[in-house]
Amino acid sequence: MTDPTRDDLLAEIERLKAELARARELAAGATEYRIPVPEGGGTNLVLRRQALVHGTGWAASTTGYGGGLAFTTEGLQDAIGAMSVDRLFCWPDAATALAAARTALADSS
């Protein structure tokens, strides 16, 4: 097998740029992500975007009997259905919500 040429590498860079642009376009419209977190005992995290008419925050939670757990700036909270919108959708973006939830899961283990 021969090494890729400069033109091959440039073509691959352009392909990757186009793929990234499509992924960003899709992510801009995402309202929910479900992310398995094996290091959290097999927990599935649910990241949800707040309805744009109410704000731009993101919530991080797990599903479960009685509403599951929410990961807020105040720490783990029970009964997510009883929380105020401001407390639940407290993260500025999905990546920050995910990082906070993973940290909380690791700390609770």
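Could you tell me the center-to-center distance, by alpha carbons, between the range 77-95 and the range 24-56 in angstrom?
For the range 77-95 versus the range 24-56, the Cα centre distance is 12 Å.
Put Phe89, Phe71 in order of accessible area, largest first, 1.4 Å probe: what do you get? All intermediate terms of the calculation are to be shown ahead of the outcome.
Values: Phe89 50, Phe71 5 Å².
Reading off the accessible areas and sorting them downward yields Phe89, Phe71.
Just to confirm a number: summing +1 for Lys and Arg and -1 for Asp and Glu over residues other than Val46 whose beta-carbon lies under 15 angstrom from that of Val46, what do you get?
+3
What distance in nm lies between label points placed 7 Å from Cα along the C-beta direction at Ala95 and Arg24?
Once both label points are built, they end up 1.1 nm from each other.
Any idea of Glu32's accessible area? Nearest 10 Å², probe 1.4 Å.
70 Å²
Roughly how many percent of the accessible protein surface of the chain is carbon and sulfur, given a 1.4 Å probe and a whole-percent answer? Show your work: numbers first, answer last.
On the way: 4280 of 7450 Å².
That share works out to 57 percent.
Could you state the principal axis extents of the C-alpha atoms in the range 17-58, from the largest down, to the nearest angstrom?
Over the range 17-58, Cα extents along the principal axes are 34, 33, 9 Å.
Give me P(r) over the chain, computed from all C-alpha to C-alpha distances, binned every 5 Å, as integer percentages.
Final binned percentages: 2, 11, 19, 18, 14, 9, 7, 7, 6, 4, 2, 1, 0.
Using +1 at the Cβ of each Lys and Arg and -1 at the Cβ of each Asp and Glu in the range 15-61, identify which of Trp58, Gly29, Ala18 lies farthest towards the dipole's positive end.
It is Ala18, whose Cα lies furthest towards the positive end.
So with the 1.4 Å probe, I'd like the accessible area per residue for the range 1-99, rounded to whole Å².
On the way: 6830 Å² over 99 residues.
On a per-residue basis, the range 1-99 sits at 69 Å².
Taking only Cα atoms, what is the 0 to 90° angle, nearest 10, from helix 94-108's long axis to the longest principal axis of the chain?
On a 0 to 90 degree scale, this one is about 60.
The values are calculated or read from the model by the stated rules, or taken from the named source; none is laboratory data. Keep in mind that this is a model prediction, so the values were computed, not measured. Positions of Cβ are generated from backbone atoms using ideal geometry, with glycine treated the same way; all protein chains shown enter the neighbour counts. Surface areas here come from the heavy atoms of the whole protein model, side chains and all, with no ligands, DNA or RNA. Shrake-Rupley method; radii C 1.70, N 1.55, O 1.52, S 1.80 Å.
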